[in-house]
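Peer 1: Below is one structure. I have some questions about it.
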Amino acid sequence: MAELRADVLVLGAGMVGVGAALHLQKRGRDVVLVDRHELAGQETSFGNGGIIECASVFPYMFPRDLGQILQYAINRSPQVRYQFSDLPTFLPWLVRYFLASSPARALHSAMAELPLIRRSLVEHETLIAEAEVPELLRRTGWIKLFRSDATLANAARDLDRAKQYGVAGEILDSKAIAAREPNLTGDFAGAVYWPAPGFVPDPGGLAKAYAALFKRKGGRFLVGDARKLEQVTGGWRIAGPDTTAVAREVVVALGPWSDLVFAPLGYSIPLSVKRGYHLHLAPRGNAALNHPVLDSDHGYLLAPMNRGIRLTTGVEFARRDAPPTPIQLQRALPRAHALFPLGDPVDAKPWMGARPCLPDMLPVIGKAPRHAGLWFDFGHQHHGLTLGPATGRLLAEMMTGETPFADPGPFAVERFG
Ligand SMILES: Cc1cc2nc3c(=O)[nH]c(=O)nc-3n(C[C@H](O)[C@H](O)[C@H](O)COP(=O)(O)OP(=O)(O)OC[C@H]3O[C@@H](n4cnc5c(N)ncnc54)[C@H](O)[C@@H]3O)c2cc1C
């Protein structure tokens with residue numbers, strides 16, 4: 001069996017793993033990127049909404065409003081649904097998430113992540129230029145539509161809060177919505193337009209382009225199962241079907257599957273998932289969608305991907321590996337057809353993915369305390385496309401002894417005891 005020797009193994013070739021591999025490589029590390037698929041960006045990093053959310057100062061919190069909590073409790077919220085049979089599995093996690101969403105703790109999480117959010121688009125711009133794929137970044141910003149005065153008023157308050165942190169945004173009335181998106185139909189109270197975020201019309205393609213850049217610069221890719229990782233004298237080894245890779249250090253960047261490696265090594269980290277679905281539909285006639293548009297009160301996003309209009313759903317609480325139950329997608333479809341001229345589905349069946357989430361809404365980035373050479377980089381929740389390259393930089397700076405551009409303290413795994 002052939003053996004590759006390197007400085008670092010990065011397990012997982014989603015946006016997070018690829019971002020870490022590129023930043024380590026920039027700092028002179030010889031890296032082997034490992035994934036069970038032959039190509040990068042085939043899982044969660046393939047199926048997202050494509051928004052590089054550099055305006056998202058505040059994380060996705062558990063609601064504190066009683067009306068909304070009741071909607072969740074009776075499972076009628078379009079934004080969130082839970083699989084009743086899985087409730088015992090994730091209820092303790094939900095309680096932690098609820099507690100971490102108190103105004104003070106959520107603000108703490110938001111402030112910890114803000115330097116990463118601010119860095120997110122800049123990091124992508126650099127990598128997109130190096131990878132020579134300018135067509136994969138559109139500077140459209142995105143639009144959140146609101147159907148009721150009450151939800152619009154909440155959004156206006158959020159916008160005012162975000163502006164305190166230097167984020168630009170604008171309230172649109174019906175006329176301004178129609179000017180930006182002439183093909184939308186509906187009764188809107190208004191919208192918020194976020195001009196700064198980037199839009200990626202093929203998120204899986206972007207991860208592949210970054211992996212191609214990594215290979216062009218001498219990086220190696222190994223197809224293998226991360227569960228076969230072994231600690232050996234002086235480092236770590238992983239065996240693929242016909243090649244083994246050995247390195248002094250290893251990074252776990254397996255997104256929602258990171259527990260497959262950290263749990264057998266004895267780490268108890270409250271990683272859970274918020275599942276989501278997408279389906280592409282052809283636009284009817286010449287209808288064009290100019291920005292990603294969130295129909296906020298109905299809980300789905302339409303995004304103009306290269307493959308068609310991608311309808312992505314909100315959150316489903318269910319076990320990562322439970323069979324798909326795309327009920328939110330089925331509920332959203334007639335609403336989406338009423339909003340925008342959509343034709344036939346492009347996909348044979350809906351895609352399902354799982355946002356990797358920690359209850360305090362922050363990823364785990366940093367050194368594993370009980371194993372030499374073991375590093376973590378996972379749990380990017382709703383913002384893994386956005387943050388993959390920025391967290392890759394932070395991790396690589398920590399691993400190579402540079403001064404980190406952001407305080408890594410809040411991301412340390414030790415916060416979970
Ligand atoms: C519906 C939806 C919409 C979203 N919209 C956005 C958005 O607009 N903007 C945004 O920033 N984020 C968005 N997200 C979140 C974002 O997609 C995720 O945070 C991000 O993709 C996580 O990246 P990752 O690299 O950690 O995980 P992944 O992309 O899942 O990568 C993990 C990798 O590990 C590999 N792997 C798993 N098990 C093994 C194994 N045993 N051996 C070897 N390899 C293995 C997988 O093959 C995969 O390549 C959305 C997510 C969803 C579900």
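What follows draws every value from the coordinates through simple rules; no lab data is involved. Nothing here was measured: the structure is a model prediction, and the numbers come from that model. Cβ atoms come from the backbone with ideal geometry, glycine included; neighbour counts cover every protein chain shown.
Peer 1: Leaving out same-chain residues fewer than 8 places away, which aspartates and glutamates sit with a Cα under 18 Å from that of Lys175?
Peer 2: Result set, ordered by chain and number: Asp149, Asp187, Asp295.
Peer 1: Per 20 Å bin, what percent of the C-alpha pairs of the chain does each bin hold, from zero upward?
Peer 2: The distribution over the chain is 27, 59, 14, 0, given as percents.
Peer 1: OK, next. Multiply the residue gap between Val95 and Ala176 by 0.36 nm, knock off their C-alpha separation, and tell me the result in nm, one decimal place.
Peer 2: 25.1 nm
Peer 1: Considering every pair of different Cα atoms, what Kirkwood radius, in Å, is found for the stretch 100-250?
Peer 2: Averaging 1/r across every pair of different Cα atoms and inverting gives 19.7 Å.
Peer 1: Sticking with this structure for a sec: Give the residue list of trypsin sites (Lys or Arg not before Pro) in the stretch 112-221 that are DSSP loop and have at most 14 other beta-carbon atoms within 10 angstrom.
Peer 2: Arg139, Lys217
Peer 1: While we're on this one: Taking only the alpha carbons of the stretch 293-375, what extent do you get along each of the three principal axes, in Å, biggest first?
Peer 2: Per principal axis, max minus min of the Cα coordinates gives 55, 26, 26 Å.
Peer 1: Also, quick follow-up: Tally Lys/Arg at +1 and Asp/Glu at -1 over every other residue whose Cβ is under 11 Å from the Cβ of Met352; what's the total?
Peer 2: 0
Peer 1: In addition: Which links in Lys26/Lys367; Lys26/Lys215; Lys228/Lys349; Lys274/Lys349; Lys26/Lys163; Lys26/Lys228 stretch past 24 Å when you go from one Cα to the other?
Peer 2: Lys228/Lys349; Lys26/Lys163; Lys26/Lys228
Peer 1: So for the chain, averaging the separation of alpha carbon pairs under 8 Å that are six or more residues apart and normalising by length, what relative contact order in percent results? Show your work: numbers first, answer last.
Peer 2: Numbers: 910 pairs, mean separation 115.9, N = 417.
Relative contact order for the chain comes out at 28 percent.
Peer 1: Go through 102-109, 25-32 and give me the packing order, highest mean Cβ count within 10 Å leading.
Peer 2: 25-32, 102-109
Peer 1: Which ³J(HN,Hα) values, rounded to whole Hz and listed in residue order, are derived for the stretch 292-299 from phi using the Karplus coefficients 6.51, -1.76 and 1.60 in 6.51 cos²θ - 1.76 cosθ + 1.60 with θ = phi - 60°, glycine and proline given as x?
Peer 2: x, 10, 9, 8, 4, 5, 9, x
Peer 1: Another question about this same structure. Let me test this: with uniform point scatterers at the alpha carbons of the stretch 52-137, what is the Debye-based log₁₀ I(q)/I(0) at q = 0.15, 0.21, 0.26 1/Å?
Peer 2: -0.75, -0.99, -1.24
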